[in-house]
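Below: one structure, written as structure tokens.
The values are calculated or read from the model by the stated rules, or taken from the named source; none is laboratory data. In this text, all values refer to a predicted model and were calculated from it rather than measured experimentally. All Cβ positions, glycine included, derive from the backbone under ideal geometry; neighbour counts span all protein chains shown.
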Amino acid sequence: MIAYLEHFVHGNDTESRTDDDVTSLCKALDLQGSINCGPVDVACKDFGGVKSVEPLAFVRPSSTDDVARLVRAAGGSSNLTVAARGNGHSINGQAMADGGIVMDMRSMEEKIQVLRINGLAYADVSGGVLWEDVLKRCVSGFGLAPRSWTDYLSLTVGGTLSNAGVSGQAFRYGPQTTNVTELEVVTGKGDTVICSESDNSELFFGVLGGLGQFGIITRARVLLQPAPDMVRWIRLVYTEFEDFTRDAELLVTRPEGKSFDYVEGFVFVNSDDLINGWPTVPLDPDHGFDPSHIPPNSGPVLYCLEVALHCWNYDLPSNIDTAVNRLLGPLRFVERLKFQVDLSYTEFLLRVKRAEQHAEANGIWNAPHPWLNMFVSKSGIADFDRLVFRSIVKDGVGGPMLIYPMLRSKWDSRTSVVLPEGGEIFYLVALLRFSPPYPKGPPVENLLAQNHEIIQRCLNRGIDFKLYLPHYKTQEDWKRHFGNQWTRFVERKANFDPMAILAPGQRIFTRIS
Ligand code: FAD
């Protein structure tokens, strides 16, 4: 069978392959799903749009058994690699496999099963399911929802769990990686293993935030909680970075019930620029932004704290107002620059989907996205503001510039996720560039160079930071990224994927022949 696979992928000119060849290969591997050989557009691309490599085959597995068979077959070959592809929303080719097999996780049978164990509710979901489908099924069928989200939900469960998965709930519940209790994983050896904190724990924690290096997540058990009916979504404008961070940190360190349920923030340009400036702040197109409330000596950028409070249908509007006003009381935002809307919980969580539709219509959704995501320690965040927000990107990046605090104690240090070195509070910083393609927008190389400059300035200044959704070209860089976690990461690789078959697009390890 292996010889057949090798012959198939190396021996033939892809264009001369017939449907019969493909059917024979499926049969030889005993696959229920399908195989596509030769150039398959989707497998060569990702959301970043800056990298493109061709796999030898694009496989659509339909079950965990298919995944395991494929990984075993690749392991038996001399040099095949396997990349699980979630929804391909990586930026730097992380879900690609140059000359290897790309496995479309979304083609696996979609399972979302809600269950109760010892009084707690969970959803068992397949690794290739989109979070938006988990949301819809859990809310509409059971009035339940996961506790921790990403801002955008057309991402797969396996894809975000391989990184961390963060949004405005992470300050309270931690990232998505600390909100799953059990995984089914196909390791790089082709073994299917159920793992959790108590069983096969090294694999469980390794895979969470493991950049796809130790196994392919075929099922995850996600913690659920009652879903609220409504959300009051509020934006508050700040002119001073110190006031913005003080208030954001105040809110994320208060106990549950004494704070908002979601806390994020962003930086915007102090101008009437439609894409980067004041017009990006109001939540309702009918709400205007009156710049006369901004003191004339304000800097080139302003800050917006974004918060949300969960509400239930039985809440009286006056009680919601009272609760919100109590929470806003100690905050130092520009009083007349507060914006709010009430919307359903599902609409709130699907808010970026609306932005996607808008961006698609403008041709900037499918353009290159040289994004930069970082975790920056509280100790370095004021320097970061000065060196980056108020200097390098003071004219904006053509899209959101997110900044919000999270708490280290809500992250499990046994997972493979890497955080900055010091302190309880650190910030997510995300430069989500949405420029039109060149020549309408700047050349992508210039934007990549700007990312490089930002990283370099942070290094020179000694700012304590780590890349989130990291991407490096050499193992030396990866070693530096992992720091004192590198040895553990390498040991996990040796245990669970000793031939380095999995997730070659991360460029951490080289396939052993
Ligand atoms: P892919 O890009 O397909 O894969 C990512 C990596 O995981 C690859 O190495 C791949 O091989 C591996 N992988 C995929 N599936 C599996 C699996 N089942 N088992 C093991 N490994 C697997 N992130 C946040 O944390 N918060 C956000 O708010 C957020 N918003 C985003 C908004 C947009 C518009 C975009 C494009 C990205 C956003 N991200 C966010 C980043 C996102 O979480 C990551 O890019 C994630 O990897 C995308 O998931 P995906 O399913 O597309 O994974």
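For this structure, a couple of remarks:
- Flag if Phe434 is of a type outside the set (Gly, Ala, Ser), out of contact with any Ser or Thr (no Cβ under 7 Å at 6 or more places or on another chain), touching a residue at least 24 places away in the same chain (Cβ under 8 Å) and not in a helix (DSSP H, G or I): yes
- With respect to the conditions (1) within 18 Å of the chain's Cα centre (by Cα); (2) under 25 Å from Ala121 (Cβ atoms); (3) of a type in the set (A, V, I, L, M, F, W, C), Met230 falls short on a single one, namely (1).
- Just one of the numbered conditions (1) touching a residue at least 24 places away in the same chain (Cβ under 8 Å); (2) surrounded by 15 or more Cβ atoms within 10 Å (Cβ to Cβ); (3) not β-branched (Val, Ile, Thr) is not true of Gly422: (2).
- Residue match in segment 486-506 (condition: under 21 Å from Arg172 (Cα atoms), touching a residue at least 24 places away in the same chain (Cβ under 8 Å) and among the hydrophobic types (A, V, I, L, M, F, W, C)): no
- Close Cβ contacts (under 9 Å, 6 or more residues apart or on different chains) running from residues in segment 76-97 that are in contact (Cβ under 8 Å) with a residue 40 or more places away in the chain to residues that are of a type in the set (Phe, Trp, Tyr) and within 9 Å of the ligand (Cβ to nearest atom) comprise Asn87/Phe47; Gly88/Phe47; His89/Phe47; His89/Tyr152; Ser90/Phe47; Ile91/Phe47; Ile91/Trp371.
- Leading residue by the ranking (farthest from the ligand (Cβ to nearest atom)) among those in segment 141-156 that are in contact (Cβ under 8 Å) with a residue 60 or more places away in the chain and among the small types (Gly, Ala, Ser): Gly143
- Exactly one residue out of Ala84, Ala97 is at pLDDT 95 or above, under 23 Å from the mean Cα position of the chain (by Cα) and under 14 Å from Leu155 (Cα atoms): that is Ala84.
- Selection status of Leu183, outside any loop (DSSP other than H, G, I, E, B), at pLDDT 95 or above, touching a Cys at 6+ places or on another chain (Cβ under 8 Å) and more than 30 Å from Asn297 (Cβ to Cβ): yes
Conditions (1) farther than 17 Å from Ile91 by Cα; (2) touching a strand residue (DSSP E or B) at 6+ places or on another chain (Cβ under 9 Å), marked per residue:
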{"residue": "Val429", "(1), (2)": "no, yes"}
{"residue": "Arg433", "(1), (2)": "no, yes"}
{"residue": "Pro436", "(1), (2)": "no, no"}
{"residue": "Pro443", "(1), (2)": "no, no"}
{"residue": "Ala449", "(1), (2)": "no, no"}
{"residue": "Ile455", "(1), (2)": "no, yes"}
{"residue": "Ile463", "(1), (2)": "yes, yes"}
{"residue": "Leu467", "(1), (2)": "no, yes"}
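- Members of segment 428-484 that are more than 28 Å from His358 (Cβ to Cβ), buried (at least 18 other Cβ atoms within 10 Å of the Cβ) and of a type in the set (A, V, I, L, M): Ile463
- Of the listed requirements (1) part of a loop (DSSP other than H, G, I, E, B); (2) among the small types (Gly, Ala, Ser); (3) within 9 Å of the ligand (Cβ to nearest atom), Gly99 misses just one: (3).
- Condition met for Val129 (modelled with pLDDT of 95 or more, within 18 Å of the chain's Cα centre (by Cα), among the hydrophobic types (A, V, I, L, M, F, W, C) and more than 10 Å from the ligand (Cβ to nearest atom)): no
- For Asn276: the one exception among (1) assigned to a loop (DSSP other than H, G, I, E, B); (2) more than 30 Å from the chain's Cα centre (by Cα): (2)
- Number of the condition not met by Asn79 [criteria: (1) out of contact with any strand residue (DSSP E or B) (no Cβ under 8 Å at 6 or more places or on another chain); (2) buried (at least 17 other Cβ atoms within 10 Å of the Cβ)]: (2)
- On the stretch given as segment 177-186, residues that are in contact (Cβ under 8 Å) with a residue 60 or more places away in the chain and within 11 Å of the ligand (Cβ to nearest atom) total 3.
- Apart from one condition, Ala367 fits all of (1) crowded, with 17+ Cβ neighbours inside 10 Å; (2) out of contact with any His (no Cβ under 9 Å at 6 or more places or on another chain); (3) modelled with pLDDT of 95 or more; the exception is (3).
- Answer residue from segment 308-364, given it is part of a loop (DSSP other than H, G, I, E, B), at pLDDT 95 or above and surrounded by 12 or more Cβ atoms within 10 Å (Cβ to Cβ) and is nearest to the chain's Cα centre (by Cα) among those: Leu350
- The set of residues in segment 460-506 that are assigned to a helix (DSSP H, G or I), within 12 Å of the ligand (Cβ to nearest atom) and within 23 Å of Lys51 (Cβ to Cβ) comprises Pro504, Gly505, Gln506.
- Test: residue in segment 168-176 that is over 24 Å from Asn313 (Cβ atoms), within 11 Å of the ligand (Cβ to nearest atom), surrounded by fewer than 24 Cβ atoms within 10 Å (Cβ to Cβ) and touching a residue at least 12 places away in the same chain (Cβ under 8 Å): no
- Of the residues making up segment 279-306, those that are outside any loop (DSSP other than H, G, I, E, B) and under 19 Å from Asp385 (Cβ atoms) are Thr280, Val301, Leu302, Tyr303, Cys304, Leu305, Glu306.
- Just one of the numbered conditions (1) under 25 Å from Gln169 (Cα atoms); (2) away from the ligand (no atom under 16 Å from the Cβ) is not true of Gln456: (1).
- Of all residues assigned to segment 315-333, none qualifies as being in contact (Cβ under 8 Å) with a residue 12 or more places away in the chain, among the hydrophobic types (A, V, I, L, M, F, W, C) and under 23 Å from Thr150 (Cβ atoms).
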